[in-house]
1. Sorted from largest down, give the three principal axis spans of the alpha carbons of the stretch B:53-118, whole angstrom values.
2. With 11 Å as the cut-off, how large is the P(r) tail for the stretch B:148-188, expressed as percent of Cα-Cα pairs?
3. Quick check on the stretch A:2-342: what are the equivalent-ellipsoid semi-axes from the Cα gyration tensor, as sqrt(5λ), descending, whole Å?
4. Using Cα positions and a limit of under 18 Å, work out the aspartates and glutamates in reach of B:LYS52, with same-chain residues fewer than 8 apart set aside.
5. Can you list the aspartates and glutamates whose alpha carbon is less than 19 Å from that of B:LYS137, not counting same-chain residues fewer than 8 positions off?
6. Report the extension gain between B:LYS142 and B:LYS177 in nm, rounded to one decimal, defined as 0.36 nm multiplied by the number of residues separating them, less their alpha carbon distance.
7. All other residues with a Cβ under 15 Å from the Cβ of C:GLY61 taken together, and with Lys, Arg as +1 and Asp, Glu as -1, what is their net charge?
8. Ignoring solvent entirely, what values of log10 I(q)/I(0) come out of the Debye formula for the stretch C:141-223 at 0.14 Å⁻¹ when each Cα is a single scatterer?
Amino acid sequence: MKTLRRYAGRGITTLAVAANLQVLAALVALWVVFSAWEPATFFTGNNSLNIARQASVLVVVALAQMFALLIGGFDISVGANMGFSGVVAARIMIEHGGVTVGVVAGLLAGALIGLVNGILIGPLRVSPFAATLGMLTLLLGLGNILSDGQSVGNLPASFSQIGGSDWGRIPSSVALAALAVALAWLVLARTRLGLYVYGVGGSRNTARLVGVRVYAYEIAAYVLCGLFASFAGIILAARLSVGQTESGAGFELLSIAAAVIGGTAIGGGIGRVSGALLGAVFIQVLTNGLDVVGVGVYVQGMVTGIVIVAAGVVGLMRDPDFLQRVRVCVPARGRITDARWLGSTSPR
Amino acid sequence: MKRVVLLCAFALLGAASVAGARTGAGGPAGTDFHAPLNCSTKPTAQQLLSYKVPKAKKRYQISLMEVSLNGYYYVLLAYGAEQAAKQAGVDLRITAASGYTTPAIQLQQAEDVISKGTDGVVFAPVDINGSVPAVNKFKARKIPVVQVSTQVNSPYPYTVMQDDYLMGKALADQMHKLAPKGGEGIFMAGPSNATWSRKRVAGFEDQVKAKYPDMKVVDAPTSLVDPGEALTKLTASLQAHPKITWLASVDYSLPVPQAIPSPYNKLPYATMGFDPNTQKAVQGGFVKTTLPTDAYYMGYLGVGTVVGLLNGQEEPRVQCTPYLPGITKANATSTWAQKQLYPASYKPKTG
Amino acid sequence: MARIDITAVAQPVRRRRARWSGAGNELGLVAALAALCLVFAIRYPSAFPTTSNLQSMAQVGGVLLAVTLGQACALLVGGFDLSVAANMGFVGVLGGDMMVHHGLAAGIVAGVAAGVVIGLVNGLLIAGLGVSPFVVTLGMLTFLKAFGNEIAHGAPIFGFPSSTQFLGHTGWGPIPSPIAIAAILAVGMWVVLGVLRAGTYIYGIGGNREACRAAGVPVLRYEVLAYVLCGTLASVAGLMELSRVSIGYVSNGSGDDLLSIAAAVIGGVAIGGGTGSLVGVVLGVSVLTVLTTGLTIAGVGEFYQDIVSGGVIVLSVLVARVRGGMFPQVLRLRSGGVEGVLARVGLSTTSGKGRR
């Protein structure tokens, strides 16, 4: 129960706040550097709006990924899920008319994918890697067959309202991302479901012993993950005005990176919605900034790789035992060591 | 209870797969792969060799937006564009997405390019439909766009491009010249969702059907633009069709000619595109004919056209670059062939 | 230190775990492989059951086997390595460049050295600092792809000395060179993991890290060793692939990251560590190679092949659970079988759950 209370969304721990502050500080530093470098282009309202627009999809996938991470697993099928849901939504929109029907179908497809993942990983105890890798491969094939290997275009104009065009002065994708953030926060911080997701991710054993139906919450977390991923996929499809199976490629890894940078622990039980939001924005500011200040494509890749690893290291440095561990260079006992093994980290 | 939930979930997924396969068979109303480009001009190789880019009236900011910079084709395109920019006296900035599955990255780069300020864009679309929003962003700001390499589904941009469908047809002609007795052959295709590859395959198959009844495409395996995967697919396909008499592919690296297992490396092999290794392969007899893709001229002519437009000149809407004459052992080091290569020390300046 | 069988200490389990040189539950795999071969042979009698097809499958499978042997080390110690494919492409560029300018030997040395360094960096970050293998190897993947392009300027390397062909293109006598090299690597890995103490420790660490530490095993050293082995084998596979496809290119080997994990998992190597055998790895690679070759011979489209391989990955893990006796326990859960499941899940490594 101690774990439950400690890591529940509403029981703010100093650890999580410190994590957020670190990301925020890094974000501000990055902003200042880029602004000083290219004040005329980076430090403009227009570019800030750009970053917001670009970040919105990543924010929503990062939230999706966060559910899987919190429960102690992860989901590398989110990218394929995005593309697949986008294709399903687009095809239904064209063939059966109606943006609403299409969007609902896309979201249902995403939730269904999450359900299958959840059942495989929960009660059937397939490792998250194998289950979601299989799902990824399967979805790519299925989506490409559904779309005949092409992008599905010629969508109704009103579809751009959910991710493409602006609502008044606010980009719709940003508004939708804000909605997703609010929803995720509500679920994680204000419901029993959220509390148990943290609890199961923090210590599966403890949760089981206090009578939590672990498998049910595991399945629920993956369904939420699938649902949010398909939501991101639909925003992306609206932004691109097409459904394309492989358009989510890359988001699976970026979303994990965003969540981890934002302080979500691989291994479960630790992480906050605000952190995932900051992590996603951080990545987007980095890519936009590198683009705008004119760093070469190849060097951009190298920088991104280093930042991902550095984020992982910094994430561990939040742990008080870290320094001692580096000194001895032997992994210490306890939570963080447990958290090292993806998807199967909870001590039992 | 658990078993019921499980069964339901798998049944649903199975049903979705079957439904997907069913509806997929018809396919969405998509691109017509069997149509040539509507060219306004068709410069010959000679005309291109003597083409000079116009001098810019002032130092314009031009952006070249590439699909990727991982591959000879893309780097050559960048080289052509850089040469043109130098001669025209304009600034060139190059961006690159991460391949044909990343329209999101290209859209983001288009927004960044606009943020940074640009007068004209040479645009290689990542996806025929998925790149439309990026073009629309430029359109809204009245920034001229010249599309190169492959098409985007918008009437706005000017076009400088090789005609993939006609290239496919021309390759069939070349192939029949190399294997006059016809017979069975394998045609290695590119990614099954890439427009350029599907157009080339369509052109090749249409021409074979129309003019060469003695030739038969027994298999057209698809693979990503990955020489290893293509080689694996080819060797597997060869097991099913050991008696083939000719071999063709949509791209010189699918598979790399020198990697074709013996005795099939003795068969006539015709392909498309050119790079230094293919030049060696042509000289060594591994490749009999290759139709160049003129990536250099797509960059060069692309920048030239944008500069012309910015200068206020009339430019042709659709310029189709020549894929003939094909490169064979006889002209493997000709001026025309050398124009399909860039100096070994060249490195694209991106960012 | 006295040599103790830590894996035995660490697993008071009813179910027997697969050891490297021993046999685990491979019978099912053999049956699956035989069934696959039979179906393809009956359906395509002139194309599938031929010497030339066997040779061509050995050519493809040899490269995959080399990577998978490496991947198995990372899996056994309780992690995995997503950077193996990028490693192969990077070595193709770096080693290829050296081969063109300084000869075959220099290329091989440079390539393998690069693999060792990559493995060492991965290992130190994962085992030393405790960063998750996912984050580390993902970062490494991203970095290597870009770095390879930076070196090669985005173009492929070509024009190797003809002696390079013996690494993966031509045969050693009637035996295709990739499978010959892979066989040598397999023997080497059999010695390292099955005979030497390192193997015992790597299995032990993957099975129960804390018990190993308590028993005085230098955990850090052997965990790093596992990643170094993984990086090295991937770089050798990269050299083989370079020779097979005749160019050095950053995207050489692309897809082999997930493919190697899939092959190992199909072969019974547990994600989570501590379980897996050499025979299983060889069988896993064989099943995947036969499956993809057979489907291509059958002319099955790329998209449908994706669906089949996705299904096979999940199915093979599920089948492993059935063999491990998981299902009855799971289904009895509601009627109070919690403790039984706990014991089972807690100590079953196939789910990667029972590391401590």
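No lab work stands behind these numbers, since they all come straight from the coordinates. Computed from a predicted structure; not experimentally measured. Cβ placement follows ideal geometry from the backbone for every residue including glycine, while neighbour counts extend to all protein chains displayed.
1. Here the spans come out as 37, 29, 11 Å, largest first.
2. 72
3. Numbers: eigenvalues 189, 142, 60 Å².
Value: 31, 27, 17 Å, ordered largest first.
4. B:GLU82, B:ASP91, B:ASP294, B:GLU314, B:GLU315
5. Straight-line reach from B:LYS137, under 19 Å: A:ASP166, A:ASP291, B:GLU66, B:GLU111, B:ASP112, B:ASP119, B:ASP127.
6. Taking 0.36 nm per residue and subtracting the Cα distance, the gain is 7.8 nm.
7. Once positives and negatives cancel, what remains is -1.
8. With no solvent term, the Cα-only Debye profile gives -0.82.
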